[in-house]
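A quick write-up on the structure given underneath.
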Amino acid sequence: MANFGLWWVRWNGSGYESRMSGSLEQFRELGFDYAVVLGQPAHIQYTGDAETDAYNLSEYLSVHMDMPYYVTVPFFTPSKTPRGNITGNFERSYWEKWIDTFIFTHSSDPNLRGFYWSLENAWMFKQDQLNIEKGISHELIEAMSQKIHQAGFEFIWMPSTPTMNIEGTNIFPWWYKSPNYPGACEYFDYVFAQPNYYMGRINDIDGWTLNLEGLKLKYNCWNVFMEMEADECIIGGGGNCKTCNDSENCMRLAGNYIQAQINTIGRRYFQRAYYFGVTFDVVRHVDSYCRGNLGVPYV
């Protein structure tokens, strides 16, 4: 069993800094085994030179990230355009240079476990997404995956999947439809799909989870799981909960992710990823709720 927690950083113009409310020691005490290091597009340095951009983040992490981590492979620039050619060759692309910098500069860093693909678009291979530069060709992802795995690292993805028709996304293959698309689950070690239930983009988390489990069986993709979602609405702050003015209901919504797993498979997933904003008290409050109401820890 492993728990992955999102760890947010930002480039302040001269260096990187953590956006989190506490320390890595506190993060581990909450129950997280791995940190997934990422940032908003404007928070990941972009000079146009992938080696420079990656080197500065790798230097920061080699000093400050004293636990196993996965590092972002950034898709968007700060102006929300792709950092490379979305249908071109992976070889010599911005993304290959970024990954190579981490692999060859800090391959001896025992805490670097792999890479996180930051494009959250669950339909990223579809032609309509390529046309508006919000997607990427599956050949690029395939080559990226091969590069990472051949170097001995893992590759993970957390797509936003706010639909009951999960089969219509690129998480699972479209072998039986035209046009045919491969399933992204073939390229990643773990896929943590974001239901966006907490945000109100779907209303039936039990049905969503049941659909996910059925598709895992149908396509033999047992590396697909769920991302837990919560944020500062839990503790009365601003966030993205669909009832952010009602902290108690936001708490219930966050707990329903665990309840749906218990209802569907009889337990929590063995592999779980967590988005909780940047405030550790969010996790503490939802954990108290889950222990008191569901009889299990949140993390």
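Values in this text are rule-based calculations from the coordinates and carry no lab data. Just so we're clear, the structure is a prediction, and the values are computed from it rather than from any experiment. When we count neighbours, we look across all protein chains shown, and the Cβ atoms used for this are built from the backbone with ideal geometry, even at glycine.
See the values below:
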| item | result |
| --- | --- |
| Number of the condition not met by G31 [criteria: (1) surrounded by 14 or more Cβ atoms within 10 Å (Cβ to Cβ); (2) closer than 25 Å to Q271 by Cα; (3) out of contact with any helix residue (DSSP H, G or I) (no Cβ under 9 Å at 6 or more places or on another chain)] | (3) |
| Residue match in segment 40-51 (condition: assigned to a helix (DSSP H, G or I), buried (at least 21 other Cβ atoms within 10 Å of the Cβ) and at negative phi) | yes |
| Residue among L253, L210 that alone is over 24 Å from D287 (Cβ atoms) and either in a helix (DSSP H, G or I) or among the β-branched types (V, I, T) (or both) | L210 |
| Pick from segment 58-67, criterion surrounded by 17 or more Cβ atoms within 10 Å (Cβ to Cβ) and out of contact with any helix residue (DSSP H, G or I) (no Cβ under 6 Å at 6 or more places or on another chain), ranking: nearest to Y274 (Cα to Cα) | M65 |
| Selection within segment 14-73 - in contact (Cβ under 8 Å) with a residue 12 or more places away in the chain, under 18 Å from D109 (Cα atoms) and among the β-branched types (V, I, T) | V36, V37, V71, T72, V73 |
| Among residues of segment 214-230, those that are free of Cβ contacts under 8 Å to residues at least 60 places away in the same chain, surrounded by 15 or more Cβ atoms within 10 Å (Cβ to Cβ) and among the charged types (D, E, K, R), counted | 2 |
| Residue list for segment 231-278, filter: without any contact (Cβ under 8 Å) to a residue 40 or more places away in the chain, more than 22 Å from G295 (Cβ to Cβ) and within 20 Å of the chain's Cα centre (by Cα) | G239 |
